[in-house]
Amino acid sequence: MKSFLAFLVAMGIIVTLGDAYCFLKIHKPGEANKGCVMDGKLYPFGEIARTENCFRCNCSPDVMSCCSIFHTPTDYDKEKCKVVFNQESCDYDVVQKSDPSKECAAYSSVG
């Protein structure tokens, strides 16, 4: 129980220092016998570098903790440009509305 409390405190510090979208899923006793399930997919115990939905996770029999690995652009020319999620790179691209093959400048992002 002490290690779980230490983990929660560490996660709280990490979340405070970063802007990433993070969450915890606490397992009921015996719920995670073979690993952690996220969006219908079973992930093994240990560190998961990248899930199908672009999260970095840590899976244990007690809890699954995940944080996003993508950044959401917030400061760009919203009249001429739009934001499109790139599943391959797990990040958002800012592209021209008139020609999505051309990128736009993004000046800041969160996450």
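Tabulated results
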item	result
Some residue of the stretch 67-78 being part of a strand (DSSP E or B), under 10 Å from the mean Cα position of the chain (by Cα) and modelled with pLDDT of 90 or more	yes
Residue within the stretch 71-79 that is surrounded by 12 or more Cβ atoms within 10 Å (Cβ to Cβ), touching a Cys at 6+ places or on another chain (Cβ under 8 Å) and without any contact (Cβ under 8 Å) to a residue 24 or more places away in the chain present	no
Odd one out for Asp93 among (1) farther than 16 Å from Phe23 by Cα; (2) assigned by TED's automatic domain parsing to the domain that holds Leu24; (3) surrounded by fewer than 17 Cβ atoms within 10 Å (Cβ to Cβ)	(2)
Those residues of the stretch 31-48 which are out of contact with any His (no Cβ under 9 Å at 6 or more places or on another chain) and assigned to a strand (DSSP E or B), in sequence order	Val37, Met38, Lys41, Leu42, Tyr43, Gly46, Glu47, Ile48
Among (1) loosely packed, with under 14 Cβ neighbours inside 10 Å; (2) of a type in the set (Asp, Glu); (3) assigned to a strand (DSSP E or B), the one test that Asp99 misses	(3)
Residue count for the stretch 37-50, restricted to those that are surrounded by fewer than 18 Cβ atoms within 10 Å (Cβ to Cβ) and under 13 Å from Lys25 (Cβ atoms)	2
Test: residue in the stretch 30-52 that is modelled with pLDDT under 90, of a type in the set (S, T, N, Q) and under 16 Å from the mean Cα position of the chain (by Cα)	no
Residue in the stretch 58-68 that is at negative phi, among the charged types (D, E, K, R) and free of Cβ contacts under 8 Å to residues at least 40 places away in the same chain present	no
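The values are calculated or read from the model by the stated rules, or taken from the named source; none is laboratory data. These numbers come from a predicted model, not from an experiment. Please note: Cβ atoms are built from the backbone with ideal geometry, for glycine as well, and neighbour counts cover all protein chains shown.
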